[in-house]
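The values are calculated or read from the model by the stated rules, or taken from the named source; none is laboratory data. Treat the numbers as computed from the prediction; the structure is a model and nothing was measured. Positions of Cβ are backbone-derived with ideal geometry, glycine not excepted, and every protein chain shown enters the neighbour counts. Accessible surface is based on the protein model in full, side chains and every heavy atom, while ligands, DNA and RNA are left aside. Shrake-Rupley method; radii C 1.70, N 1.55, O 1.52, S 1.80 Å.
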Amino acid sequence: MNKYAERIYNGIWKENPIFVQMLGLCPTLAVTTSAINGLGMGLSTTAVLVAANIIIAALRKIIPDRLRLPAEIVVVASMVTIVDMLMEGFVPSLYSALGIYIPLIVVNCIILGRAEAYAMKNKPLISAFDGIGMGLGFTIALALIGGFREILGAGTVFGIQIMPASYQPISIFILAPGAFFVLSMLTALQNKLKAPCATNGSAKKKKKSGGCNGDCLSCSGHSQNTAE
Amino acid sequence: MNNLLHVSSSPHVRDKVTTKNLMFDVAIAMIPASLYGIWQFGIYTALVIVATVAACVLSEYVWEKGMHKPITITDGSAVVTGMILALNMPPEIPLWIPVLGGVFAIIVVKQLFGGLGQNFMNPALAARCFLLISFAGFMNNFSSAKLGFDSVSGATPLAAMRAGNEVDLAAMIVGKIPGTIGEVSVIALLIGAVYMLVRKVISPRIPLIYIGTVAVFVFLFGGFDLTYTISQICAGGLIFGAFFMATDYVTSPITKKGQIIYGILLGVLTGIFRLWGGSPEGVSYAIILGNLFMPMIEKMTLPKAFGKEGK
């Protein structure tokens with residue numbers, strides 16, 4: 001596997017931002033009321049992540065070390081503003097469904113975490129692939145959670161009825177508690193299957209150079225992770 | 001001689017009280033209310049109770065079997081959970097709803113947190129709130145064509161009082177009112193409560209303080225109306241909740257001061273929910289919210305060990 005493909009595999013599976021790193025849980029729990037919302041949130045975050053990673057990686061030699069956080073935030077916030085305006089113009093329904101969570105992508109710790117942990121130390125192209133991988137991992141996780149919640153809570157996926165008509169939707173699943181139920185069940189399943197996971201010790205041993213080794217406490221992005 | 005000098009760790013005083021006895025006493029105490037519910041709402045409600053209890057016991061068995069844990073279905077706690085849940089159902093509920101609730105209560109609320117003694121909320125009440133949020137239409141459908149009395153169809157007394165209508169106090173005490181299967185008859189519930197008090201299964205502290213706080217709260221904020229206050233106490237799930245659910249061993253404080261704080265907290269929450277909340281009833285939500293405060297209350301009121309008083 002070449003290093004670019006490795007970055008994408010890493011973001012989607014090995015260090016999936018939601019299921020493994022447990023980052024960005026606020027938008028994860030809040031907007032995944034349906035599969036389409038999860039997908040929309042995931043893709044808009046991916047767009048911001050890729051753009052921010054490229055710019056920060058390109059500027060990494062210019063940005064003074066002490067001022068790197070404000071500099072990163074300015075870059076991320078500019079990207080979010082662009083995405084925010086584009087979404088308002090082209091997908092107004094999704095824009096209104098996601099509401100405040102679009103501007104809040106600025107403080108999404110995945111983006112700041114990748115900027116700190118990866119883009120500041122690597123070249124723009126590979127940082128772009130890191131952004132794509134992490135973004136896709138985030139998108140898949142959000143669409144998965146949104147899909148489960150939509151099936152159980154409304155009987156549909158992407159608005160298409162898939163449960164039989166006699167199915168009574170368990171509406172708690174599209175309310176806030178349902179997000180916790182689904183996320184915890186998926187994490188439990190992951191633990192059971194010994195997939196890489198934040199709470200699964202055995203996954204931490206396999207360590208590769210570049211990116212996160214699963215040890216969040218000593219990670220350089222740690223102090224920012226708590227910001228959300 | 002060997003026995004005399006036998007050194008063992010505490011407890012040294014032993015008693016015949018076991019989890020099993022206690023749970024079966026609670027189950028017996030719920031029989032009058034169940035029988036009254038079956039008599040008033042018809043034989044279908046018996047089916048609801050049996051199905052819910054079966055769902056609870058069966059899901060406990062299947063979970064413990066699958067997880068290779070000791071099977072604890074004979075301690076009766078699943079039976080009690082099932083009965084409380086069933087008595088919290090409206091009489092015309094489709095059977096799959098309480099069955100789903102039973103599975104949720106046992107597996108999600110009880111077993112996932114470690115089984116009996118580890119659940120952070122009353123499983124039956126958590127399941128009831130889960131169902132109430134998920135299937136509001138079914139769970140609030142108290143009007144029914146199959147009822148034995150003409151007088152019992154229509155709005156529950158709490159809903160009627162919310163709307164500013166008069167309610168029949170005598171009917172509420174006997175139980176000729178619409179409501180969930182187990183909560184309607186104050187007399188039947190009090191028989192069970194007295195049984196539990198006599199058998200010393202529960203102490204009267206939490207229920208009395210809880211009901212008293214609700215009374216004071218409703219009297220003060222409900223317009224200084226004594227009839228209204230008494231109607232509020234007899235209506236809905238307050239009596240049932242105070243004696244059978246708020247006293248759950250696992251989810252209520254054990255210290256004396258803690259129980260007083262807990263009772264007052266439940267009473268104030270219930271009063272707030274009933275007078276200003278979105279729905280006319282708030283006992284279930286008040287109790288599960290109180291359950292969450294339980295560890296903090298207990299930590300605050302832990303008595304100091306002898307020799308460690310003062311500073």
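Summary of computed values
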quantity: Single residue of the stretch B:122-135 satisfying the filter (of a type in the set (A, V, I, L, M, F, W, C) and away from chain A (no Cβ under 12 Å)) that is farthest from B:S59 (Cα to Cα); calculated: B:L125
quantity: Filter pass, A:G137 being open to solvent by less than 10 Å² (accessible area, probe 1.4 Å), out of contact with any Pro (no Cβ under 9 Å at 6 or more places or on another chain), within 17 Å of A:V31 (Cβ to Cβ) and more than 14 Å from every other protein chain (Cβ to nearest Cβ); calculated: no
quantity: Of all residues making up the stretch B:222-247, the number that are in contact with a Leu (Cβ under 9 Å, 6 or more places away or on another chain) and at pLDDT 90 or above; calculated: 8
quantity: Every residue from the stretch B:54-83 that is among the β-branched types (V, I, T) and open to solvent by less than 30 Å² (accessible area, probe 1.4 Å); calculated: B:V80, B:T81
quantity: Residue in the stretch A:63-76 that is within 22 Å of A:T139 (Cα to Cα), without any contact (Cβ under 8 Å) to a residue 24 or more places away in the chain and open to solvent by 50 Å² or more (accessible area, probe 1.4 Å) present; calculated: no
quantity: Some residue of the stretch A:6-27 being open to solvent by less than 30 Å² (accessible area, probe 1.4 Å), part of a helix (DSSP H, G or I) and touching a Phe, Trp or Tyr at 6+ places or on another chain (Cβ under 6 Å); calculated: yes
quantity: Any helices (runs of 4 or more DSSP H) falling wholly within the stretch A:148-228 and containing at least 2 residues that are modelled with pLDDT of 85 or more and open to solvent by 50 Å² or more (accessible area, probe 1.4 Å); calculated: A:176-192
quantity: Residues within the stretch A:116-125 that are open to solvent by 20 Å² or more (accessible area, probe 1.4 Å) and either part of a helix (DSSP H, G or I) or in contact with a strand residue (DSSP E or B) (Cβ under 7 Å, 6 or more places away or on another chain) (or both), tallied; calculated: 3
quantity: Verdict on B:F104 being over 18 Å from B:I181 (Cβ atoms) and within 11 Å of another protein chain (Cβ to nearest Cβ); calculated: yes
